[in-house]
1. Identify the residue in segment 36-52 that is under 19 Å from the mean Cα position of the chain (by Cα) and outside any strand (DSSP E or B) and, among all such residues, is farthest from residue 112 (Cα to Cα).
2. If I filter segment 188-242 down to residues being touching a residue at least 24 places away in the same chain (Cβ under 8 Å), part of a helix (DSSP H, G or I) and surrounded by fewer than 24 Cβ atoms within 10 Å (Cβ to Cβ), which single residue comes out as farthest from the chain's Cα centre (by Cα)?
3. What number of residues in segment 135-160 are crowded, with 24+ Cβ neighbours inside 10 Å, more than 18 Å from residue 31 (Cβ to Cβ) and at pLDDT 95 or above?
4. Restricting attention to segment 71-90, and to residues there that are touching a helix residue (DSSP H, G or I) at 6+ places or on another chain (Cβ under 7 Å) and in contact (Cβ under 8 Å) with a residue 40 or more places away in the chain, which single residue is surrounded by the fewest Cβ atoms within 10 Å (Cβ to Cβ)?
5. Exactly one of (1) touching a residue at least 60 places away in the same chain (Cβ under 8 Å); (2) out of contact with any helix residue (DSSP H, G or I) (no Cβ under 7 Å at 6 or more places or on another chain) is unmet by residue 173. Its number?
6. Please go through segment 18-50 and pick out each residue that is modelled with pLDDT of 95 or more, closer than 25 Å to residue 67 by Cβ and surrounded by fewer than 23 Cβ atoms within 10 Å (Cβ to Cβ).
7. May I ask you to list the residues in segment 140-153 that are over 15 Å from residue 175 (Cβ atoms) and assigned to a helix (DSSP H, G or I)?
8. Restricting attention to segment 91-139, which residues are free of Cβ contacts under 8 Å to residues at least 12 places away in the same chain and assigned to a helix (DSSP H, G or I)?
């Protein structure tokens, strides 16, 4: 259980579109799933992903980056060409075990509940723990052979708020397990957007839809939710208005923040 402060205004999260966000935590600067390529079609011919809007910035706008939190490396809407180039200049990339092997260099894979200690500039440490995520509607055993391995992250530290970065997760059961270990969460950066493909899983979302995002916030007892991964790609089927409506219906409008 977290013993973190209860303020919801601990730090700024800057969203760049898609799954990419920048925040400073414990004196360290983190970026989630870096995607800065221009709009267009990406991926193999059998699974083309269409980016519809540019990022709200370029890699040069990020400044110093200490850690990339990469939910997975296999899809262009989570790690694109410019994102891969960025990794070469970052001291540490935390990702899935398979991604750590594929990327090499400074990438390190985290299994479920595996933690790494990061030194803070002013002393002390930040703990980053890999947490379960499933990239589709079903069990990990059924989903991973189709849509790949994904990881989420929880960040904690003495005197610091508890932060959850969901990654491309569609499982509320996984969220419940995370809440049992780390709740309440002070800031939840939740990947949303209800991405769908007609030929996959009968068109069911492969990441949380808006109502599920609000339910995740409730499960986590999140004091602040910053949604990402809901705009900029054609396969995202629910956007900002859907999230606003879902959080209002759940009585959680006061938890929802955009940056």
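1. Among those residues, the one meeting the criterion is 37.
2. The initial filter retains those residues of segment 188-242 that are touching a residue at least 24 places away in the same chain (Cβ under 8 Å), namely 188-197, 200-201, 204-239, 242.
Keeping just the survivors that are part of a helix (DSSP H, G or I) gives 201, 210-220, 242.
Those still in the list that are surrounded by fewer than 24 Cβ atoms within 10 Å (Cβ to Cβ) too: 201, 211-212, 215, 218-219, 242.
Values: 201: 22, 211: 17, 212: 15, 215: 17, 218: 18, 219: 17, 242: 19 Å.
Here the answer is 201.
3. Qualifying residue count for the region: 0.
4. Ranking the candidates gives 82 first.
5. Of the numbered conditions (1) touching a residue at least 60 places away in the same chain (Cβ under 8 Å); (2) out of contact with any helix residue (DSSP H, G or I) (no Cβ under 7 Å at 6 or more places or on another chain), the odd one out for residue 173 is (1).
6. Scanning segment 18-50 gives 22, 24, 27, 28, 29, 37.
7. 141, 142, 143, 144, 145, 146, 147
8. Listed by number, the residues that qualify are 100, 101.
The values are calculated or read from the model by the stated rules, or taken from the named source; none is laboratory data. Fair warning: this is a prediction, and the values are worked out from it, not measured in the lab. All Cβ positions, glycine included, derive from the backbone under ideal geometry; neighbour counts span all protein chains shown.
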